[in-house]
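This report concerns only the one structure given below.
The values are calculated or read from the model by the stated rules, or taken from the named source; none is laboratory data. Model, not experiment: these values are computed from the prediction. Positions of Cβ are backbone-derived with ideal geometry, glycine not excepted, and every protein chain shown enters the neighbour counts. Note: areas computed on protein heavy atoms with side chains; ligands, DNA, RNA excluded. Shrake-Rupley method; radii C 1.70, N 1.55, O 1.52, S 1.80 Å.
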Amino acid sequence: MKLWPRYSLILLVTQLALLGQSGSALHQLEKKGNAALASGLWELAEQHFRSALLDPTLSPEVKSRLTLRLSETLIRDDQAAQALELLNQPLVLKNPESSFWRAQALVAQSRYSEAAALFSGLLQEPTAPYPSESGLTLASIQLALGKPDAALATLNQVLSSSDEATRLKTRLYQIEILLDLGRTEEAAKLMEGLDKLPAEQRTTAAFLKAHLQLRQGKFSEAQAAFQALSTQPQGPALTHDQSTAAAIGLAEAIQGQGNSALAIDSLISFLQDHPDTQTLEPIFSHIIQWLPEKPMANDPTLARISQWISPSVLPATGLLATGFAETGASAAWPTYATASESTNRLVYSLFARAVGLHKTALPDAQAEAKRLLNRIRIEHPSHPLASHALYQLARLALDNGAVDQAFSTLDTLRDSDPSQLLRGQATLLEARSAYAAGDTQRAIELFDEAAATLTGKLADSTKRQSAIARLHHLEIKGRSSTLQTSAVNDPQLQADLELESAFFTTPPAATKTALEAFLTQHPNHPRVAEARLAAIEATLISPEPDVTFATRQLQLLADSAPAATTLAPARIAFARLQLADFAKDSAKTIALAQSIMADYPADPVASDAALILGRTLFQSQSYNDARLILEKLAATDTDPVRAQAAWLLAANSAALGGTQQSKDAALILFDKAILLKGNLSTIATLQKAEQLIDMKRFAEASTFLEKYTKSLPAKDPTFLPAGMLLGKALYAQGASNPASLVQALAIYDQLVTQITDQPIWLNRLQYLRGLTLEQLPDEKDPTQKQQGKALQAYLSVMEITGQPLEWEYFEQCGFRALAILVESERWQAAISVAKKIASFKGPHAEDAALRASDLELKHPNW
């Protein structure tokens with residue numbers, strides 16, 4: 001929660017000058033100045049007060065009053081330095097309000113100690129103006145100085161010398177502070193008797209009561225209370241800060257009931273509904289904290305975070321672009337949403353997605369994580385997360401075995417970052433790496449350095465690790481000591497460290513190996529069930545899953561039911577489902593998926609199980625059943641990534657359903673997948689076009705694809721597959737609309753210029769160009785076709801010295817050229833082409849050789 005400290009001016013604008021004024025110009029200026037001040041129009045108020053102060057006939061009393069109002073205006077307009085100059089004038093110092101406003105000006109300049117001294121003095125003077133406001137502001141300053149007990153004592157003074165409304169406000173402020181300090185029982189006592197409150201205080205009281213229930217572990221009640229605050233407020237609407245704190249409180253209440261996925265979903269929904277929210281650090285910290293230990297590559301949270309990641313402003317060429325370029329087939333597909341978001345949210349989204357991708361331990365995901373972190377450092381070097389990004393880059397480097405690079409990064413961070421906590425964490429990470437590498441002496445030094453920087457439980461843990469490093473160092477040196485004996489007497493500490501080390505080992509295959517070793521050495525450890533499940537999940541996301549190991553560990557988990565009670569049963573059930581899916585046991589996969597959906601309908605794994613069920617039914621050719629499951633999942637799933645996958649697979653199921661009605665429905669389902677604008681939108685678009693072509697709705701297909709290709713940026717990789725389909729649709733209309741052949745040829749010609757270095761695609765394109773040219777009239781003799789240009793297209797693919805990278809269209813080009821030459825009775829050329837095809841020794845080389853021999857026998861005199 002932590003809404004305090006509060007520095008805004010608590011005092012309302014004085015209305016004294018608005019009463020009983022005469023109609024003189026001076027009084028009108030003062031009246032207008034006070035009216036502007038009350039309305040928050042600082043610039044206008046300053047203008048009026050300065051104009052009034054120009055009057056040479058002002059009495060000392062009026063001049064002092066006007067100067068105070070001008071000072072107040074300047075303070076509220078963030079011009080505290082100018083205000084202090086005015087407040088230090090001898091004439092103004094005599095005014096009773098002077099000390100109060102000088103203290104406020106000092107607060108505005110962050111000179112808290114000086115301001116606190118002035119406010120404390122005012123509280124000791126019975127006749128000082130604004131005692132309640134002085135006390136409330138002093139309490140906020142004391143909180144800023146890390147003195148919560150002093151703040152609570154100051155608020156007690158306010159309670160004893162204020163009106164009922166101020167006492168209620170002060171009491172609620174005390175409850176808020178106590179809750180943030182974790183003093184729940186004291187807060188609960190103060191909360192008693194606050195049932196009957198004036199309307200203006202009810203919302204704040206309900207807000208604090210919800211947080212009290214959260215701190216007391218009454219998660220269900222807290223959830224209902226937070227939801228009621230936004231849907232059924234009993235008083236004024238929540239302030240901006242309260243609204244954000246309530247959203248975080250709601251998520252914590254949901255997570256406290258064991259539903260991390262729904263908690264994350266609530267925070268992301270809040271950000272979507274409140275795009276102007278600037279309190280992002282606690283929101284994204286919770287999201288990162290509640291991510292699965294090993295997220296899937298298509299984790300819905302990571303996908304939803306992408307909606308706030310706009311394209312990079314880095315140039316598309318040069319060293320920077322080369323360093324962060326996409327690699328692999330995935331580079332052809334759009335990755336990030338392009339909606340314009342605030343810079344702050346963009347940076348937090350980049351960081352959160354990078355951390356999540358890092359946790360997947362998948363090579364492509366880690367490569368993207370590195371690009372995102374580097375983007376933060378390059379595009380937003382002054383953002384607070386730039387240093388955290390550097391820390392994460394060091395962790396990535398360690399995971400990838402680049403130890404020297406990681407240590408260099410960590411040294412840079414330790415030397416330059418102003419954050420004590422982050423410096424300590426960087427030192428701790430380097431210490432653990434040194435320890436893992438066997439450099440115990442260096443590890444001891446770094447552990448000690450980190451322990452001196454860190455605080456609380458993390459510092460205690462670091463000290464224990466330092467002690468263990470010392471033990472191992474003594475063992476390596478062959479020396480004994482009392483410490484060495486204590487290690488034998490405290491095996492629990494050693495085992496705990498080994499387990500934590502195993503959890504942090506990467507990649508997943510190494511995690512599995514480390515956990516397997518731990519399970520062998522510590523079969524009776526209290527966290528053995530946790531280690532088993534983590535080992536299972538690690539191996540199941542490895543490139544080569546050890547199905548036998550996972551199966552054995554699942555059985556051991558089942559045999560040790562009491563030890564597994566603290567684990568999420570849905571995770572265990574989902575692991576069983578993954579094993580069945582790996583084994584391609586369709587019947588078992590279907591049964592397990594249906595069981596998970598029935599037993600754990602609210603758990604995130606239920607949606608994953610539904611997707612696996614739909615896919616398995618589809619692969620089993622049960623298209624109608626698959627479509628029912630997938631359509632239901634897509635229509636109800638809040639995760640847009642999974643929903644889009646479900647719509648797409650449902651569309652494919654409908655396309656293969658067999659009936660005309662089913663095929664028509666497939667087009668609607670493809671549209672639903674396209675509308676979600678996720679990473680699968682491009683695939684859905686292309687598959688819809690294919691479906692239209694398969695249904696012989698060529699005109700619709702070409703119109704659809706023409707519109708789509710025109711929307712693509714220049715040199716977009718997607719233009720290649722889309723252009724191929726567009727050419728196919730246009731070519732198919734050639735018999736009834738010859739002009740479409742010209743359009744198809746233009747598309748193919750454009751594509752050829754873009755893929756000169758991609759022979760796999762080039763062979764196919766030249767084949768399609770050749771077919772199209774064979775249908776077009778010759779420009780010089782319209783009674784003939786453009787067979788000469790078609791031959792050029794076909795034969796161009798055979799002008800290579802090595803082996804072709806693909807055979808299908810390579811040989812089709814050759815045999816189509818051979819057919820044209822035979823039809824033209826160009827026997828010498830035909831025999832030459834046939835022998836050329838045979839010389840590559842491809843799948844149909846024997847056919848080509850026989851054809852060459854046959855032609856030579858039949859036409860020996862060419």
* Name, by its number, the condition in (1) open to solvent by 40 Å² or more (accessible area, probe 1.4 Å); (2) touching an Asp or Glu at 6+ places or on another chain (Cβ under 9 Å); (3) of a type in the set (D, E, K, R); (4) at pLDDT 85 or above that does not hold for Glu281. => (2)
* Which of the residues belonging to the range 60-77 are open to solvent by 50 Å² or more (accessible area, probe 1.4 Å) and either closer than 17 Å to Ala25 by Cβ or in contact with a His (Cβ under 7 Å, 6 or more places away or on another chain) (or both)? -> Lys63, Arg65
* To do: Find all pairs meeting these conditions: Cβ atoms under 7 angstrom apart; at least six residues apart or on different chains; first residue within the range 162-179 and over 24 Å from Thr127 (Cα atoms) and open to solvent by less than 10 Å² (accessible area, probe 1.4 Å); second residue in a helix (DSSP H, G or I) and of a type in the set (D, E, K, R).
  => Leu178/Glu186; Leu179/Arg215
* Asked: When both residues are 6+ apart or on different chains and their Cβ atoms are under 9 Å apart, which pairs have a first residue that lies in the range 673-696 and is on the phi < 0 side of the Ramachandran plot, and a second that is of a type in the set (Asp, Glu)?
  -> Ala684/Asp671; Lys688/Asp671; Leu692/Glu700; Met695/Asp664
* Members of the range 139-157 that are open to solvent by 20 Å² or more (accessible area, probe 1.4 Å) and not aliphatic (A, V, I, L, M) -> Gln142, Gly146, Lys147, Pro148, Asp149, Asn156, Gln157
* Residue count, the range 577-624 (criterion: closer than 13 Å to Ala646 by Cα and acidic (Asp, Glu)) -> 1
* Structure fact -> Of the residues in the range 519-533, those that are open to solvent by 10 Å² or more (accessible area, probe 1.4 Å) and not β-branched (Val, Ile, Thr) come to Leu519, Gln521, His522, Pro523, Asn524, His525, Pro526, Arg527, Glu530, Arg532
* Asked: If you check Gln441 against the conditions, is it in contact with a Phe, Trp or Tyr (Cβ under 7 Å, 6 or more places away or on another chain), open to solvent by 30 Å² or more (accessible area, probe 1.4 Å), part of a helix (DSSP H, G or I) and modelled with pLDDT of 70 or more?
  -> no
* Structure fact -> Here the residues within the range 24-67 that are among the charged types (D, E, K, R) and either modelled with pLDDT under 85 or not in a helix (DSSP H, G or I) (or both) are Lys32, Glu43, Asp55
* Asked: Out of the range 193-213, which residues are modelled with pLDDT of 85 or more and charged (D, E, K, R)?
  -> Lys209
* Select the helices (runs of 4 or more DSSP H) contained entirely in the range 734-803, then report the ones holding at least 2 residues which are within 21 Å of Val822 (Cβ to Cβ) and open to solvent by 40 Å² or more (accessible area, probe 1.4 Å). => 759-775, 787-796
* If a residue has to be among the charged types (D, E, K, R), within 28 Å of the chain's Cα centre (by Cα) and buried (at least 21 other Cβ atoms within 10 Å of the Cβ) to count, how many in the range 616-636 make the cut? -> 1
* To do: Name every residue in the range 180-221 that is assigned to a helix (DSSP H, G or I), more than 16 Å from Ala246 (Cα to Cα) and open to solvent by 40 Å² or more (accessible area, probe 1.4 Å), in order of residue number.
  => Glu185, Glu186, Lys189, Leu190, Ala199, Glu200
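Matching residues to (1) farther than 29 Å from Pro545 by Cβ; (2) modelled with pLDDT of 85 or more; (3) out of contact with any strand residue (DSSP E or B) (no Cβ under 9 Å at 6 or more places or on another chain); (4) surrounded by fewer than 18 Cβ atoms within 10 Å (Cβ to Cβ):
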site: Val347; (1), (2), (3), (4): yes, yes, yes, no
site: Leu350; (1), (2), (3), (4): yes, yes, yes, no
site: Val355; (1), (2), (3), (4): no, yes, yes, no
site: Thr360; (1), (2), (3), (4): no, no, yes, no
site: Asp364; (1), (2), (3), (4): no, no, yes, yes
* Asked: Ala830 fails exactly one of the following numbered conditions: (1) within 30 Å of Asp757 (Cβ to Cβ); (2) surrounded by 14 or more Cβ atoms within 10 Å (Cβ to Cβ). What is the number of that condition?
  -> (1)
* To do: Select, from Arg615, Arg642, the only residue that is of a type outside the set (Phe, Trp, Tyr) and in contact (Cβ under 8 Å) with a residue 60 or more places away in the chain.
  => Arg642
* To do: Could you tell me which of the residues Ala80, Ala108, Ala116 is touching a residue at least 24 places away in the same chain (Cβ under 8 Å), under 47 Å from the mean Cα position of the chain (by Cα) and open to solvent by 50 Å² or more (accessible area, probe 1.4 Å)?
  => Ala108
* Of (1) in a helix (DSSP H, G or I); (2) surrounded by fewer than 18 Cβ atoms within 10 Å (Cβ to Cβ), Lys841 satisfies all except one. Which? -> (1)
* To do: Report yes if Glu368 is among the acidic types (Asp, Glu), under 30 Å from Arg304 (Cα atoms) and either assigned to a helix (DSSP H, G or I) or modelled with pLDDT under 80 (or both), otherwise no.
  => yes
* Kindly check whether there is at least one residue in the range 790-811 that is over 47 Å from the mean Cα position of the chain (by Cα), of a type in the set (Asp, Glu) and either at pLDDT 90 or above or over 30 Å from Phe840 (Cβ atoms) (or both). => yes
* Being part of a loop (DSSP other than H, G, I, E, B) and closer than 20 Å to Ala739 by Cβ is the filter here, so list the residues in the range 666-723 that pass it. => Lys696, Arg697
* Structure fact -> Scanning the range 158-177 residue by residue, those among the acidic types (Asp, Glu) and not in a helix (DSSP H, G or I) turn out to be Asp163
* To do: Give the residues of the range 250-271 that are at pLDDT 90 or above, touching a Phe, Trp or Tyr at 6+ places or on another chain (Cβ under 9 Å) and open to solvent by less than 30 Å² (accessible area, probe 1.4 Å), sorted by residue number.
  => Ala251, Ala253, Ile254, Ala263, Ile264, Leu267
* In the list Ala436, Ala394, Ala426, Ala450, which residue meets the criterion of being out of contact with any Cys (no Cβ under 8 Å at 6 or more places or on another chain), within 22 Å of Pro507 (Cα to Cα) and modelled with pLDDT of 75 or more? -> Ala394
* Since Pro129 meets every condition but one in (1) free of Cβ contacts under 8 Å to residues at least 24 places away in the same chain; (2) in a loop (DSSP other than H, G, I, E, B), which condition does it not meet? -> (1)
* Before we move on, is Leu84 more than 21 Å from Ser132 (Cβ to Cβ), modelled with pLDDT under 85 and assigned to a helix (DSSP H, G or I)? -> no
* **Check on Gly657, of a type outside the set (Lys, Arg), surrounded by fewer than 22 Cβ atoms within 10 Å (Cβ to Cβ) and either out of contact with any His (no Cβ under 8 Å at 6 or more places or on another chain) or outside any helix (DSSP H, G or I) (or both)** => yes
* Structure fact -> Picked from the range 38-59 (must be among the hydrophobic types (A, V, I, L, M, F, W, C) and open to solvent by 50 Å² or more (accessible area, probe 1.4 Å)), the residue farthest from the chain's Cα centre (by Cα) is Leu54
